[in-house]
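Please treat every number below as a calculation from the coordinates, not as lab data. Remember, predicted model here, so these are calculated numbers, not experimental data. Ideal geometry is used to build each Cβ from the backbone, glycine not excepted, and the neighbour counts take in all protein chains shown.
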Amino acid sequence: MIRIVGISGSLRQGSYNTALLRAAAASMPADSRLEAASIQAFPLYNGDDEAAHGIPAEVAALKDAIAAADGLLLVTPEYNNSIPGVAKNAIDWLSRPSSDISRVFGGKPVAIIGASPGRFGTILSQNAWLPVMRTLGAELWNGGRLMVSSAAGVFDAEGNVADERTLQSLRKLLEGFVAYARDRAGSNG
């Protein structure tokens with residue numbers, strides 16, 4: 001069983017990216033599963049707080065989940081043509097202490113997808129994540145991209161993907177990413 005942890009980079013209740021993460025969890029290939037994780041409870045990163053109180057329990061739990069998983073699916077919105085602050089904050093926490101980076105991210109297969117109400121999808125946000133993930137030592141999967149644009153027309157009122165073409169693209173991307181994660185797990189284990 002290939003296990004992927006998925007994170008939405010949005011905290012908004014009606015987030016298209018959280019809805020896309022749910023759709024991904026429901027569209028996983030056979031013999032794989034996606035566990036959606038939340039960054040909702042992560043405080044703003046502050047080195048003084050880390051020094052005084054250590055790693056918050058919710059951060060430690062997600063670090064352990066990512067470390068034990070076969071891959072990470074990052075579902076990112078695009079804010080001001082770049083990475084959303086709450087998502088970057090979460091990754092900053094997950095990379096602390098720096099001695100833990102390789103345990104959590106080192107060689108970890110990562111795929112990045114996203115949804116936006118705009119016409120260009122999340123191409124700039126996805127591109128902005130690339131140097132961050134490289135710095136952390138993650139194995140970026142480049143076998144496909146999914147940038148859902150004009151998201152208001154793709155999701156229905158309940159937050160389900162209502163566009164069959166988008167669902168097909170999502171399934172195809174997940175099949176490729178799971179195959180990549182399976183190959184990486186086989187070569188490491």
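For segment 109-189, pairs of C-alpha atoms spaced more than 21 angstrom apart make up 37 percent of the total. What is the log10 of I(q)/I(0) for segment 1-76, computed with the Debye formula using one identical point scatterer on each Cα and no solvent, at q = 0.25 Å⁻¹? Each listed q corresponds, in turn, to -1.15. Using only the C-alpha atoms, the convex hull of the chain corresponds to 108 Å³ per residue. Report the Cα centroid-to-centroid distance between segment 99-176 and segment 63-77 in angstrom, as an integer. Using only Cα atoms, the two centres lie 12 Å from each other. Modelled spin labels at Lys172 and Ala51, positioned 7 Å past Cα toward Cβ, are 5.2 nm from each other.
Placing unit charges on C-beta atoms (Lys and Arg positive, Asp and Glu negative, everything else neutral), compute the dipole magnitude of the chain about its Cα centre in debye, rounded to 20. Provide the component values of the computation, followed by the final result.
Working: 17 positive and 18 negative charges, 88 e Å.
For this selection, approximately 420 debye.
Think of segment 2-188 as a dipole: +1 on every Lys or Arg Cβ, -1 on every Asp or Glu Cβ, centred on the Cα centre; then among Val59, Ser95, Ala115, Ala115 lies furthest on the positive end.
Here the sum of -39500 (n - 2.57) over DSSP H runs of 4 or more residues, divided by the residues of the chain, equals -13500 deg cm²/dmol at 222 nm, to the nearest 500. Think of the chain as a dipole: +1 on every Lys or Arg Cβ, -1 on every Asp or Glu Cβ, centred on the Cα centre; then among Ala138, Ala157, Asn46, Ala138 lies furthest on the positive end.
Fully extended, how many nm does the chain gain between Ala25 and Ile101 (0.36 nm per residue separation, minus their Cα-Cα distance)? Before the final figure, lay out the partial values.
Values: separation 76, 0.36 × 76 = 27.36 nm, distance 2.57 nm.
Gain on extension, Ala25 to Ile101, equals 24.8 nm.
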